[in-house]
Structure formats: C-alpha cells, structure tokens
Amino acid sequence: GQQVMQIPQYQHVQEGEDFTTYCNSSTTLSNIQWYKQRPGGHPVFLIQLVKSGEVKKQKRLTFQFGEAKKNSSLHITATQTTDVGTYFCAANFGNEKLTFGTGTRLTIIP
Amino acid sequence: NAGVTQTPKFQVLKTGQSMTLQCAQDMNHNSMYWYRQDPGMGLRLIYYSASEGTTDKGEVPNGYNVSRLNKREFSLRLESAAPSQTSVYFCAGRRRGEANEKLFFGSGTQLSVL
C-alpha cells in the first residue's frame, strides 16, 4: 500500500535548540500536509505544500517539499516549551485519502 | 460553530459488546473520515466518505462499519468489540475545492475494550 515514513519517532531537545522531522515516500505525492497534536489533544493543521521544491515559513517553523515531491521536512528554530507535541505529516497520493506518518514526538528540556 | 463533534469522549466495553461512535460537523464538509490512533503507529484510516451517500474502506476497516447518514453525520460502529480495538478514535472532515483542503478533527473518543 501507499505509505509514508516519518523519522525520528522521538526527539528530546534543550529549549532553544533546533528540531527537524522528515517524511519520505517511495512514490510521488500530489501534496503533503503537516499537523501538530498537543498532548491529550487532537491533530491541528499547520500547512499544506503542493509545488515541487516549495518552502514555506511560519515564524520559527520552516516547511520544505522535495524537488521530486517524495519527501518533506519540518524544521523548528530555537524551540520553545510551547512547541511540545507530536508532529505528523499527511501525504496525499492523488486520491481522497490522506495517509499519515507515524509522527515525531517532541519533548523540550527547559 | 461547534466544528466537528464526537460522542462519547470515553467508553469502556466488554469483549463482544457493540457500540456506535457518533460524529457530526457543522462546517459544510464534503468528506468525512474515521481514524484510529495507537502509540507508535500514527493515525490510521478506518473508513471515509467522499460525499453524502458514499463510503469507502481505509487501511484498517476490519471489525468496523460506517454510515454517512447525511452530509453532517458520519458514524462508526463496532459490531462485536475486541481488545485489539482499544484505541483513540478521531473523526475528521474537510471541504474539497479549497486552497488548503485541510482536515478538521474532533476531540477524539478514548475506547477501552476489556
């Protein structure tokens, strides 16, 4: 089936350090979305990337979509305690379904 | 706007019991989805409905049935619950044709099957 791999599964960082999570697919994607889930909460949409090589920024968050539209990354600069949570990519293979990665759980050491 | 509303929030079942998880949205979503979330496995799609009157299987449909009663409501039924169905269940909806066809999630149902 169509799958998307996400790494790492866990990341512990000191407050102020950077954080990156990666998603990879073996097949070309139509687009990819990113979601954040706070502990005990539900996933909340962050952004959608559609174009090959696209880069989008939201304050300290930078999202990239690979040239081949098979991989994507989310980078957080200078993490803060409010960044704690699990970050998911969600891949669209060109149909009605969104396939989620397994998520990266970010914890911050104050 | 209430958004996407799921009921109940918590449920404990005995093996073999049946129950229906309810989901309703007031955001004019065309498509609705049921996901389950298990530790280390992310969100896995159970069933989805691209439009009123249609339903399709996702990655893990076995043991579940769904019903798209109307545009607003999409229910998930467990006919004979099993311990392997212990999970957190999320309903989600989205509107097609927008610039960002993002999913809006309900707050989840934590289900334990003993």
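How long is the gain from residue B:28 to residue B:82 if the chain were fully straight, where each residue apart is worth 0.36 nm and the alpha carbon distance is subtracted?
Working: separation 54, 0.36 × 54 = 19.44 nm, distance 3.36 nm.
Gain on extension, residue B:28 to residue B:82, equals 16.1 nm.
Please turn the phi angles of region A:26-33 into ³J(HN,Hα) values with the Karplus equation 6.51 cos²θ - 1.76 cosθ + 1.60 (θ = phi - 60°), one per residue in order, whole Hz, x for glycine and proline.
7, 10, 5, 9, 6, 7, 9, 10
I'd like the residues of region A:37-54 whose 1.4 Å-probe accessible area shrinks by no less than 20 Å² going from the isolated chain to the full set of protein chains.
For region A:37-54, once contacts with the other chains are taken into account, A:37, A:42, A:43, A:45, A:48 lose 20 Å² or more.
Chains B and A: buried accessible surface, both sides, probe 1.4 Å, rounded to 100 Å²?
By this definition, chains B and A bury close to 1700 Å².
What residues in region B:37-67 lose 50 Å² or more of accessible surface when the other protein chains are added to their chain alone (1.4 Å probe)?
B:43
So which GluC sites (Glu not before Pro) in region A:1-83 end up in coil per DSSP with only 11 or fewer other C-beta atoms within 10 Å?
Numbers: sites: A:15, A:17, A:54, A:67; in loops: A:15, A:17, A:54, A:67.
Filter output for region A:1-83: A:67.
Please find, in a Gaussian network model of chain A (springs between Cα atoms separated by less than 10 Å), the residue of A:11, A:37, A:58 whose mean-square fluctuation is greatest.
Largest GNM mean-square fluctuation: A:58.
Tell me, which residues of region A:63-110 get at least 40 Å² less accessible area when the other protein chains come in, versus the chain alone (1.4 Å probe)?
Relative to the lone chain, where solvent access is computed with a 1.4 Å probe, region A:63-110 loses at least 40 Å² at A:96, A:97, A:98, A:100, A:102.
Could you look at chain A and say what percent of its accessible area is carbon and sulfur, using a 1.4 Å probe and all protein chains? Each step should come with its number before you reach the end.
Details: 2660 of 5320 Å².
Within chain A, the accessible surface is 50 percent carbon and sulfur.
From the C-alpha coordinates alone, can you work out the Kirkwood hydrodynamic radius of region B:1-82, in Å?
Hydrodynamic radius (Kirkwood, Cα pairs) of region B:1-82 is 13.3 Å.
Place a point 7 Å from Cα of residue A:60 in the direction of its Cβ. Which residues in region A:85-110 have their backbone N less than 17 Å from it?
A:85-87, A:105-110
Leaving out ligands, DNA and RNA, and with a 1.4 Å probe, what % of the accessible surface on chain B is carbon or sulfur?
Working: 2530 of 5220 Å².
Roughly 48 percent, rounded to a whole number.
For chain A, with every protein chain kept in place, what is the accessible area per residue (1.4 Å probe, Å²)?
Values: 5320 Å² over 110 residues.
Per residue, chain A has an accessible area of 48 Å².
Ignoring ligands, DNA and RNA, what accessible area per residue does region B:12-114 give at 1.4 Å, in Å²?
With all protein chains present, region B:12-114 gives 43 Å² per residue.
Beyond 17 Å, what percent of the Cα pairs of chain A remain? Can you show the working numbers first?
Working: 2965 of 5995 pairs.
In whole percent, the share of Cα-Cα pairs in chain A beyond 17 Å is 49.
Choose one answer from A:12, A:75, A:42: the residue with the largest mean-square fluctuation in a GNM of chain A with alpha-carbon springs under 10 Å.
A:42
Post the alpha-carbon centroid distance, region B:42-112 to region A:62-110, in whole angstrom.
22
Pairs on different chains or at least eight residues apart, Cα atoms closer than 17 Å: how many lysine pairs in region A:32-74 fit?
Within region A:32-74, the lysine pair count is 7.
The values are calculated or read from the model by the stated rules, or taken from the named source; none is laboratory data. As the structure is a prediction and not an experimental result, all values here were calculated from the model. Note that each Cβ is placed from the backbone with ideal geometry, even for glycine, and that neighbours are counted across all protein chains shown. Areas reflect the complete protein model, heavy atoms only, side chains present, ligands, DNA and RNA absent. Shrake-Rupley method; radii C 1.70, N 1.55, O 1.52, S 1.80 Å.
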